[in-house]
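Chemist: Quick one: this structure, given as structure tokens, is what I'll be asking you about.
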Amino acid sequence: MVGYGIDVLCESGRYGRLLKGRRIALLTNPTGLDSRMRPTADLLFSRFHLTALLAPEHGVRGDMGPGAQVETARDRATGLPVYSLYTASRKRLTPEMLETFDVLVCDLQDAGSRFYTYLYTLLYALEDCARAGKDVVVLDRPAPLGGNEVEGNCVKEGYASFVGGYPMCMRYGLTIGEFAHMANETLSLGARLTVVPCAGWRRDMLWPQTGCTWVMPSPNLPRFTSALLYSGTCLFEGTNLSEGRGTAAPFELIGAPYIEDPAPLAAAMNARGLPGVRFRPVFFTPSVQKNAGQLCAGVQLHVTDMQTLRPVRTALALLYEIEARWPEHFAWRTVLPPATRPHIELLGGDSLLYRKVPLPEVLRQYECDERAFAERKRAYHLYD
């Protein structure tokens, strides 16, 4: 089984010396666990001088729903102050927070998709710590979608947001430690960064090959297949279709009330022969968010081969098929504050989809970005 960075830290005197005798703030959430399922917060609290906890979206202990925001709290287990880095007015470290620690430790499991807010919470923390002269230690974790495959375009200038704050592909093929290393170097942040590596992880491993237990990185990624599909089906968040939030299969179910008979849609998608996936006609009723309480019809995406599946291409094919079949009902989601662009432009990283560029041309442009990013990121690989 692959060992996490927290396992390596606790077993290695080399890395433990980075923290000994220093005040530590920990940026973490429920995925911050060692291989024996012990919370990193509890381990550091018992071994070192932990002074504060920093919370990304969903909170340190997972007690915050998607988008829920709270300024400060106190952790029940340790009694330490918890400072949120996900509020309506602030997503950065304040001078008050920076005064509480000498070194920031990050232990978060990312989802392998550009849309995930944890990446940008870490990116902002790197920037803030660099300016304040604070050290940063990232306890690395496996890249859940593997370290080789890259899919989708890169975020273009003018389209950066908290769901796409770095110019990388939708499926980017890096561990969170490698992402931190790459961002620190390419953006010239100057952070004093140390990545404590995983033990035994290889780039060709998807999550199931690691032998590690899947712990939900957020409430709407309950399974590995949810996370694998999310790197493509998250694009449906930018439309008036339900992406399955409020069901037992988020990002695996796609549908809308205006689809009356889902069978022809499923048949058309299966006829495309897309690798690693089959489409099944379904009906479902989301309990929250878009189309809550309304019967939706659509498809469920069933992963048949996780190695050959290309989730971004799969989601794009489905999006274009639905738009072509229901042009009078399909709509792009309106601008969400505080953003000034349609949501799909932020998720898509540019305006290609919103401008209704034909799918073959979209894929050609994506392939150019994929090749360039795959080459660019290779210099920051920490694993073979």
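Chemist: Give the accessible surface of the chain per residue, rounded to a whole number of Å², with probe radius 1.4 Å and ligands, DNA and RNA excluded.
Modeler: 39 Å²
Chemist: Charges only on Cβ, +1 for Lys and Arg, -1 for Asp and Glu: so what's the dipole of the chain about the Cα centre, in debye to the nearest 20?
Modeler: The dipole of the chain has a size of about 440 debye.
Chemist: Here is a follow-up. For region 241-251, what does the Karplus curve 6.51 cos²θ - 1.76 cosθ + 1.60, with θ = phi - 60°, yield as ³J(HN,Hα) per residue in whole Hz, taken in order and with x for Gly and Pro?
Modeler: Values per residue, Gly and Pro as x: 8, 6, 9, x, 4, x, 10, 7, 9, x, 6 Hz.
Chemist: According to the square roots a ≥ b ≥ c of the eigenvalues of the Cα gyration tensor, what is the shape class of the chain, taking rounded for a/c under 1.5, prolate for a/b larger than b/c otherwise, and oblate for the remainder?
Modeler: Prolate.
Chemist: In degrees, nearest 10, range 0 to 90: what is the angle between the Cα axis of helix 359-377 and the longest Cα principal axis of the chain?
Modeler: 20 degrees
Chemist: Something else about it: In deg cm²/dmol and to the nearest 500, what is the mean residue ellipticity at 222 nm of the chain if only DSSP H runs of at least 4 residues count, each as -39500 (n - 2.57), divided by the residue total?
Modeler: Calculated from helices alone, the mean residue ellipticity at 222 nm is -8500 deg cm²/dmol.
Chemist: Using a 1.4 Å probe over the heavy atoms of the protein chains, calculate the carbon and sulfur portion of the accessible area of the chain as a whole percent.
Modeler: Carbon and sulfur together cover 52 percent of it.
Chemist: Take the Cβ-Cβ distance between Asp261 and Gln365 as r, set R0 to 22 Å, and report the resulting FRET efficiency rounded to the nearest 0.05.
Modeler: 0.05
Chemist: For region 84-138, take every pair of Cα atoms, bin their distances at 10 Å starting from 0, and report each bin as a whole percent.
Modeler: Reading the bins upward from 0: 22, 55, 21, 1.
Chemist: A further question on this structure: Taking springs between alpha-carbon atoms closer than 10 angstrom, which of Tyr116, Tyr159, Tyr320 fluctuates most in the Gaussian network model of the chain?
Modeler: Result: Tyr320 has the largest fluctuation of those listed.
Chemist: Around Ser113, under 10 Å between beta carbons, what's the net of Lys plus Arg minus Asp minus Glu among the other residues?
Modeler: Around Ser113, the surrounding residues sum to 0.
Chemist: Mind counting lysine pairs for me in the chain? Cα separation below 18 Å, and the two need to be 8 or more apart along the chain or on different chains.
Modeler: Lysine pair count for the chain: 4.
Chemist: Can you give the relative contact order of the chain as a percent, counting alpha carbon pairs under 8 Å and 6+ residues apart?
Modeler: Relative contact order for the chain comes out at 16 percent.
Chemist: Please report the spacing between the Cα centers of region 191-215 and region 1-22 in Å, no decimals.
Modeler: Region 191-215 and region 1-22 have Cα centres spaced 14 Å from each other.
Chemist: Would you mind checking the radius of gyration and Dmax of region 140-258 based on alpha-carbon positions, in Å?
Modeler: Cα-based Rg and Dmax for region 140-258 come out at 15.9, 53 Å.
Chemist: Have a look at Leu347, Pro250, Val288 and report the one farthest towards the positive end of the charge dipole of region 224-360, computed about the Cα centre with Cβ charges (Lys/Arg +1, Asp/Glu -1).
Modeler: The Cα lying farthest towards the positive end belongs to Leu347.
Chemist: In whole Hz and in residue order, list the ³J(HN,Hα) couplings for region 283-299 that follow from phi through the Karplus curve 6.51 cos²θ - 1.76 cosθ + 1.60, θ = phi - 60°; x for Gly and Pro.
Modeler: 10, 7, 10, x, 8, 9, 6, 4, 6, 4, x, 10, 6, 10, 10, x, 9
Chemist: With a ≥ b ≥ c taken as the square roots of the eigenvalues of the C-alpha gyration tensor of region 86-180, please select rounded if a/c is under 1.5 and otherwise prolate if a/b is larger than b/c or oblate if it is not?
Modeler: Since a/c reaches 1.5 but b/c is at least a/b, the shape of region 86-180 is classed as oblate.
Chemist: Also, I was wondering about something else. Can you give me the orientation-averaged projected area of the convex hull built on the Cα atoms of region 1-151, in nm²?
Modeler: Seen from a random direction, the Cα hull of region 1-151 projects 9.5 nm² on average.
Chemist: Counting Lys +1, Arg +1, Asp -1, Glu -1, what net charge surrounds Tyr383 among other residues with beta carbon under 13 Å of its beta carbon?
Modeler: It works out to a net charge of +1.
Chemist: Rounded, prolate or oblate: which fits region 155-202, taking a ≥ b ≥ c as square roots of the Cα gyration tensor eigenvalues, rounded meaning a/c under 1.5, else prolate when a/b beats b/c?
Modeler: Oblate.
Chemist: Same structure, new question: So who's got an amide H within less than 5 Å of the one on Cys106, skipping anything under 5 residues away but keeping other chains? H placed 1.01 Å off N, in plane.
Modeler: Hits under the 5 Å cutoff: Leu27, Val137, Val138, Leu139.
The values are calculated or read from the model by the stated rules, or taken from the named source; none is laboratory data. Predicted model, so just to flag it, every value in this text is computed and none were measured. Please note: Cβ atoms are built from the backbone with ideal geometry, for glycine as well, and neighbour counts cover all protein chains shown. The protein model used for the area step is the full one, side chains on, heavy atoms only, and it has no ligands, DNA or RNA in it. Shrake-Rupley method; radii C 1.70, N 1.55, O 1.52, S 1.80 Å.
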